[in-house]
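Chemist: Before we start, here is the structure in question, set down as structure tokens.
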Amino acid sequence: MNDDTGAAENSILGLEHGDMYVCQDGPRVAPVLLLIHGSAASSRSWDALVPLLATRCRVIRIDLPGHGRSAEPGDGDYAIPEQGRRIGTALDRLGIEHAIVVGHSSGGYAATALAEQRPDLVTAIALINTGPSMDAFIAPEATMDPTQWPPTDEQIRRFASTGFRTGYQVPQELIDELRGMTYHAVTAAMQASAAYLTQQPLPDRLVALDKPLQVIFGDQDRRWRPSSAADYRAVPGARVELLPGAGHTPILEDPPRTAALLLSFAEIHTA
């Protein structure tokens, strides 16, 4: 494929513990934005945002292990540091030397783990509605019965409802993709995120990393206390933006404002 093309390119990378799905959009010679989705989601959660970013960036999306079109890990390891390692291996396969890494929700933990392991690769980090510590978690405990798996549309809507502002309809394609996951993949990924955050709050990890940081948070988030976005101000130089009227998933609820903030951040911190 010509390096100047902006056409979408889908591929499956064969990694040590399972295949990983990768999608690339935008000019291949442009600065790289790596987008990492949250638990029980997939790269499709970025669909509304990618066209706005790919005009100026090489946008790379992945499906985390056990999500979307990526295989469940053969070793059963969903730990966040292991996810970071696999993402780094995937970027090496693609020949990526530098990337601004963007994580939505728990995807921000994988982004941070990647930066912890590969500071040479990650030039800057952007977090979108990523909870800073378990103290900030406000959603009621969401449980699903393993004996009734796969769940119905209505069960998934209830499970996912706090992922959006009140009144926002959960997209059918996301419902279908969650139903396609195994019960183990959904629960193990969520437990891994909680374990990573319990071990050390995210702002403390980011202070140690000393990477440029952009934080975007919908002020109507129903999973993480919106005021907790201020916890990231502990990171020197962090840019923290609250999006009025947006819930936990502004990448779908408000793509234009989310994209504008990411593009501004990318322009400043392009390697």
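Values in this text are rule-based calculations from the coordinates and carry no lab data. All values derive from a computational prediction rather than experimental measurement. A quick note on method: Cβ atoms are made from the backbone with ideal geometry, for glycine too, and the neighbour counts reach across all protein chains shown.
Chemist: Enumerate the calculated ³J(HN,Hα) couplings along the range 163-173 in order (Karplus 6.51 cos²θ - 1.76 cosθ + 1.60, θ = phi - 60°), each rounded to whole Hz, writing x wherever the residue is Gly or Pro.
Modeler: With coefficients 6.51, -1.76 and 1.60, one gets x, 9, 5, 4, x, 7, 7, 4, x, 4, 5 Hz.
Chemist: I've got another one for you. Considering only DSSP beta bridges where both residues belong to the chain, give the percentage that are antiparallel (nearest 5).
Modeler: So the antiparallel bridges in the chain amount to around 35 percent.
Chemist: Determine the sum of side-chain charges near I12: Lys and Arg each +1, Asp and Glu each -1, restricted to other residues whose C-beta is under 10 angstrom from that of I12. Kindly include the intermediate steps, with their values, before the conclusion.
Modeler: Working: positive: R69; negative: D19, D63.
Local charge sum for I12: -1.
Chemist: Compute the Kirkwood hydrodynamic radius of the chain, taking the inverse of the mean of 1/r over all pairs of distinct Cα atoms, and give it in Å to one decimal.
Modeler: It is 18.3 Å.
Chemist: Once you put a point 7 Å from the Cα of A8 and another 7 Å from the Cα of S227, both along the Cβ direction, what distance in nm separates them?
Modeler: 4.1
Chemist: Separate question: Kindly state, as a whole number, the per residue volume in cubic angstrom of the convex hull around the alpha carbon atoms of the range 64-132. The partial results should precede the final answer.
Modeler: Numbers: hull volume 6.1 nm³, N = 69.
Here the figure is 89 Å³ per residue.
Chemist: Output wanted: per-residue J couplings in Hz (rounded whole) for the range 87-95, from phi through Karplus 6.51 cos²θ - 1.76 cosθ + 1.60, θ = phi - 60°, x for Gly and Pro.
Modeler: 5, x, 4, 4, 5, 4, 4, 7, x
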